[in-house]
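A.B. asks: My structure is below; once you've seen it, I'll send some questions.
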């Protein structure tokens, strides 16, 4: 049955992370209402009055002055338009690989949201151009390097702004028909922005006073990358609980440490959520019943402390979510227009500074990296014959002749070690820029890039554990695991076959990784046991 299209997201109204995901990942349309149009027009009037006053107007940063350390340089009225396009061209110094289309869509959406909030002083045409780019699939080529996370994500946003005026390069990627499709399923082909705009039935716009500055002052690069990474990290938290439960069953662990009385005595929210998930996943387990009276007293921490470890990551990400929910609805311009009875104020400030995002995204990187750290330890428990409670060495079909999952643990260790480098906080650094005027920067853009790398490695690490845990449960047959774990095993076995001898495991990991990243493991398990946190 075809999926009914969702109603458009209205910019200028509160934007949720779900709205963001629908637009960035799945092509949901965006629009504005009449109140937003009126607000944008009203904020433009003061800028028009300053421009109309010509050389008699007072000096206003970014309208008739230079930028950064050149803020005291007065620009003649005849050069005000040239000032804006020169700003965009000169700041387009992005380097490195192009951002994924999903991240670009997120940036365009968030920049349009800033303008729609009505403090930027731009013409309605500028906002409309951004909206039409999203709805018609026009995606600027935005390099991934070049921002220091203060004075706005200047270089990335300048590349975004180039496409509005028909310069730089862009790709035309059609909006997916189904809301569950992803733009990153299509490979972009970047050509001249002017050609892409023409193909989409659009024309370039010419920037007027303040509009170049209003397009590049902001945190939308780090906010877009950070939000995309957070959404996947949250999905990986649920996956880690499911996969950890599978490892516990394969290792004949106990669910006693997940007793609700223990977690009521230390009531951290994330810890309680994970314990509840594990109780749900492990309920009524024949494997657990088969070793109820064994001599083992306690499981290793990687099993026993899953609520405390996974839960701490969840609580950290909860704070990160609150930061991003605030940021995607914030005005990050400088200067910003504020109307008052009988007049207006143009206030210069520092809302473009990304320090709060730098802290949040650094924390998110550390929090999600820990899911892979503890996962690798469970992989070691599963493959090490001195720890694995009777499983074959390395879970091999014929140990010696076959190596089984020996190198799966090595690969997991490699990912974990790499993440330890990425998890070093970028926010502890600052390098002054613009001749010392911008003397403290956040490096939040680097925090966002590192977080994406960490999330990718964690997804791969959990894929390795899932594959190994499934093999361990296979070896417990004919004794069955719990209903929740059995549903997870059935689900993964639709993706990869059981190990009956050595084979190329990288293909299996790649298949599991794609499936896991799409949230399929959680949805399949929830169909069997109900909703998980």
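The values are calculated or read from the model by the stated rules, or taken from the named source; none is laboratory data. Not measured: the values here are computed from a predicted model. No Cβ is skipped: glycine too gets one built from the backbone with ideal geometry, and neighbour counts run over all protein chains shown.
A.B. asks: Any residue at all in the stretch 332-342 that is more than 30 Å from residue 216 (Cβ to Cβ) and out of contact with any helix residue (DSSP H, G or I) (no Cβ under 8 Å at 6 or more places or on another chain)?
C.D. replies: Step one: of the stretch 332-342, the residues more than 30 Å from residue 216 (Cβ to Cβ) are 341-342.
Now restrict to residues that are out of contact with any helix residue (DSSP H, G or I) (no Cβ under 8 Å at 6 or more places or on another chain): 341-342.
Among the residues of the stretch 332-342, at least one is more than 30 Å from residue 216 (Cβ to Cβ) and out of contact with any helix residue (DSSP H, G or I) (no Cβ under 8 Å at 6 or more places or on another chain), which makes the answer yes.
A.B. asks: Here's another thing I want to ask about it. Condition (residue is crowded, with 20+ Cβ neighbours inside 10 Å, in contact with a strand residue (DSSP E or B) (Cβ under 8 Å, 6 or more places away or on another chain), farther than 30 Å from residue 401 by Cβ and modelled with pLDDT of 95 or more) applied to the stretch 470-484: is it met by at least one residue?
C.D. replies: Looking for residues that are crowded, with 20+ Cβ neighbours inside 10 Å, in contact with a strand residue (DSSP E or B) (Cβ under 8 Å, 6 or more places away or on another chain), farther than 30 Å from residue 401 by Cβ and modelled with pLDDT of 95 or more, one finds none in the stretch 470-484, hence no.
A.B. asks: Counting just the residues of the stretch 270-300 that are free of Cβ contacts under 8 Å to residues at least 60 places away in the same chain, touching a helix residue (DSSP H, G or I) at 6+ places or on another chain (Cβ under 8 Å) and over 14 Å from residue 389 (Cα atoms), which one comes out surrounded by the fewest Cβ atoms within 10 Å (Cβ to Cβ)?
C.D. replies: Per the criteria, the residue is 279.
A.B. asks: Also, quick follow-up: Out of the stretch 121-151, which residues are assigned to a loop (DSSP other than H, G, I, E, B), within 26 Å of residue 71 (Cα to Cα) and touching a strand residue (DSSP E or B) at 6+ places or on another chain (Cβ under 9 Å)? Step through it out loud before you land on a result.
C.D. replies: Residues of the stretch 121-151 that are assigned to a loop (DSSP other than H, G, I, E, B), as a first pass: 121-123, 137, 141-142, 146-151.
If we keep only those that are within 26 Å of residue 71 (Cα to Cα) too, we end up with 121-123, 146-151.
Hits for the stretch 121-151 are 121, 146, 148, 150, 151.
A.B. asks: What pairs come out if I take residues in the stretch 41-57 that are free of Cβ contacts under 8 Å to residues at least 40 places away in the same chain and pair them with residues that are surrounded by 20 or more Cβ atoms within 10 Å (Cβ to Cβ) and assigned to a helix (DSSP H, G or I) whose C-beta lies under 8 Å away, six or more apart or interchain?
C.D. replies: The qualifying pairs are 57/50.
A.B. asks: I need the full set of residues from the stretch 21-43 which are in contact with a strand residue (DSSP E or B) (Cβ under 8 Å, 6 or more places away or on another chain) and either farther than 29 Å from residue 81 by Cα or buried (at least 20 other Cβ atoms within 10 Å of the Cβ) (or both), in order please. Show your work before the answer.
C.D. replies: Filtering the stretch 21-43 down to residues in contact with a strand residue (DSSP E or B) (Cβ under 8 Å, 6 or more places away or on another chain) leaves 22-23, 28-33, 36, 42-43.
Those that are in contact with a strand residue (DSSP E or B) (Cβ under 8 Å, 6 or more places away or on another chain) and either farther than 29 Å from residue 81 by Cα or buried (at least 20 other Cβ atoms within 10 Å of the Cβ) (or both): 22, 23, 28, 29, 30, 32, 36, 43.
A.B. asks: Also: Using the structure shown, decide if residue 493 is under 17 Å from residue 522 (Cβ atoms) and surrounded by fewer than 18 Cβ atoms within 10 Å (Cβ to Cβ). Quick ask: steps written out before the conclusion?
C.D. replies: Details: under 17 Å from residue 522 (Cβ atoms): yes; surrounded by fewer than 18 Cβ atoms within 10 Å (Cβ to Cβ): yes.
The answer is yes for residue 493.
A.B. asks: May I pose another question? Does residue 225 satisfy the condition of being in a helix (DSSP H, G or I), closer than 30 Å to residue 436 by Cα and in contact (Cβ under 8 Å) with a residue 12 or more places away in the chain?
C.D. replies: Values: in a helix (DSSP H, G or I): yes; closer than 30 Å to residue 436 by Cα: yes; in contact (Cβ under 8 Å) with a residue 12 or more places away in the chain: yes.
Criteria met by residue 225.
A.B. asks: So, one more: With respect to residue 433, is the statement that it is at pLDDT below 95 and within 19 Å of residue 501 (Cβ to Cβ) true?
C.D. replies: Values: at pLDDT below 95: yes; within 19 Å of residue 501 (Cβ to Cβ): no.
No.
One line per residue, one yes/no per condition, for (1) within 30 Å of residue 326 (Cα to Cα); (2) touching a helix residue (DSSP H, G or I) at 6+ places or on another chain (Cβ under 7 Å); (3) at pLDDT 85 or above:
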{"site": "1", "(1), (2), (3)": "no, no, no"}
{"site": "5", "(1), (2), (3)": "yes, no, no"}
{"site": "11", "(1), (2), (3)": "yes, yes, yes"}
{"site": "27", "(1), (2), (3)": "yes, yes, yes"}
{"site": "37", "(1), (2), (3)": "yes, yes, yes"}
{"site": "52", "(1), (2), (3)": "no, no, yes"}
{"site": "61", "(1), (2), (3)": "yes, no, no"}
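A.B. asks: Does residue 69 count as in a helix (DSSP H, G or I), over 29 Å from the mean Cα position of the chain (by Cα) and modelled with pLDDT under 85?
C.D. replies: Values: in a helix (DSSP H, G or I): yes; over 29 Å from the mean Cα position of the chain (by Cα): yes; modelled with pLDDT under 85: yes.
Judged against the criteria, residue 69 is a match.
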